[in-house]
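J.: Take this structure first; my questions come after.
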Amino acid sequence: MLITGSPGGSRIITTVLQIVLNVIDHQMNIAEATSAPRVHHQWLPDELRVEEGLSPDTVRLLEAMGHRVMVKDAMGSTQSIVRGSEGWYGFSDTRRPGGLAVGY
């Protein structure tokens, strides 16, 4: 039902997982799932990396839980194809211009 991938080194798994969760659990279409702000944490550096666009209230709640929240540049650049009721739909992440995902 969904094919997706992204460059990004240690952030690949996080980026791909967030697309999958957005589509399956949050019932977003592929454009919404791709455009949603992303969040990433790894052991080092010990910081919660977030993209611009995450709600300031959410950032404050995360900081209140003890997270060191850092707003950073865009994460990943997914190319995705999803099966819809009338066929396949592709969406290319706008974080990096020039990508192409085509559904047939």
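The values are calculated or read from the model by the stated rules, or taken from the named source; none is laboratory data. Values in this document were obtained by computation on a predicted structure and should not be read as measured data. Heads up, the Cβs are rebuilt from the backbone with ideal geometry, glycines too, and the neighbour counts pull from every protein chain shown.
J.: I need the full set of residues from region 63-88 which are of a type in the set (Ser, Thr, Tyr), farther than 22 Å from HIS41 by Cα and either outside the structural domain of LEU2 (by TED's automatic domain parsing) or touching a residue at least 60 places away in the same chain (Cβ under 8 Å) (or both), in order please.
T.: SER80
J.: Among GLY8, GLY53, which is within 22 Å of ARG95 (Cα to Cα) and either surrounded by 15 or more Cβ atoms within 10 Å (Cβ to Cβ) or in contact with a Lys or Arg (Cβ under 6 Å, 6 or more places away or on another chain) (or both)?
T.: Only one candidate passes the filter, namely GLY8.
J.: Taking the residues in region 85-100 that are within 17 Å of SER35 (Cβ to Cβ) and aromatic (Phe, Trp, Tyr) as candidates, determine which candidate is surrounded by the fewest Cβ atoms within 10 Å (Cβ to Cβ).
T.: Only one residue fits best here, namely TYR89.
J.: Just to be sure before I move on: is GLY98 modelled with pLDDT under 95, at positive phi, in contact with a Lys or Arg (Cβ under 7 Å, 6 or more places away or on another chain) and of a type outside the set (S, T, N, Q) in the structure I sent?
T.: No; evaluated as a whole, the condition is false for this residue.
J.: Let me ask something else. Please go through region 30-50 and give me each residue that is polar (S, T, N, Q) and buried (at least 18 other Cβ atoms within 10 Å of the Cβ), ordered by number.
T.: THR34 - this is the single residue of region 30-50 that is polar (S, T, N, Q) and buried (at least 18 other Cβ atoms within 10 Å of the Cβ).
J.: On to the next question. Is it fair to say GLN27 is surrounded by fewer than 17 Cβ atoms within 10 Å (Cβ to Cβ), out of contact with any helix residue (DSSP H, G or I) (no Cβ under 8 Å at 6 or more places or on another chain) and not aromatic (Phe, Trp, Tyr)?
T.: Yes: the conditions hold for GLN27.
J.: Scan region 56-84 for residues that are exposed (fewer than 14 other Cβ atoms within 10 Å of the Cβ) and within 13 Å of ILE30 (Cα to Cα) and report the count.
T.: Total meeting the criteria: 2.
J.: Among the numbered criteria (1) in the same structural domain as THR4 (by TED's automatic domain parsing); (2) modelled with pLDDT of 90 or more, which one does LEU44 miss?
T.: Of everything listed in (1) in the same structural domain as THR4 (by TED's automatic domain parsing); (2) modelled with pLDDT of 90 or more, LEU44 misses just condition (1).
J.: If only one of LEU54, LEU2 is out of contact with any Pro (no Cβ under 9 Å at 6 or more places or on another chain) and either not aromatic (Phe, Trp, Tyr) or not assigned by TED's automatic domain parsing to the domain that holds GLU86 (or both), which one is it? Step through it out loud before you land on a result.
T.: Details: LEU54 fails: out of contact with any Pro (no Cβ under 9 Å at 6 or more places or on another chain).
Going through LEU54, LEU2 in turn, the sole match is LEU2.
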